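Report on one structure; see the data block that follows.
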Amino acid sequence: MQFTHLKNSQHSLFNALNRFITAATVMDETVMVPSFLRDLPADEEYRRENKISKQRDMHDDYLLLMSIKNDIESGISDEQVKSDLEFIKASEEDGDLGELQQLFHHHLNGIYNVFSKLTLQTNHLTNCYTKQLIFNNL
């Protein structure tokens, strides 16, 4: 019952991930020739407004966004899982689960914000590619 409630919350991590994966899939299906993005300069005004780090061109953005999507779909490494489990065990032994909960909420909020920005960037890249194609076909 709680899962359904979280799934329906617009601000849930599940929905943020889903929005990003959907936007990245649409971007990948729209961008038929990724090398075409090398000729498209990054929209500096858009980057400043959305506090997105600067890349050389939109092709770099495309590769980064697809890499993140692939990382999400394939999961994290065994080494990272072991490291996280060691941290959790150490926190339990110290009896400091409150700190662990605070850390979780901090990272959950950060991940949500990152995926929101990545989704905006993915949609922007898709729109720029589509507009450039239309402009070139006129």
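Assuming R0 = 41 Å, what is the FRET efficiency of Val26 and Gln80, from their Cβ-Cβ distance, to the nearest 0.05? List each step's numbers first, then the result.
Working: r = 29 Å, r/R0 = 0.70.
Working from the Cβ atoms, E equals 0.90.
How high is the FRET efficiency from Leu108 to Gln132, r the C-beta distance, R0 22 Å, rounded to 0.05?
Values: r = 36 Å, r/R0 = 1.66.
Calculated transfer efficiency: 0.05.
Order 76-84, 16-24, 60-68 from most to least packed using the mean count of other Cβ atoms within 10 Å. Before the final figure, lay out each step's value.
On the way: 76-84: 10.1, 16-24: 18.7, 60-68: 17.1.
Averaged packing, sorted descending, gives the order 16-24, 60-68, 76-84.
No value in this document is a laboratory result; all are computed from the given coordinates. Given the structure is predicted, the values throughout are model-derived calculations rather than measurements. In this analysis, Cβ positions are derived from the backbone assuming ideal geometry, glycine residues included, and neighbour counts consider all displayed protein chains.
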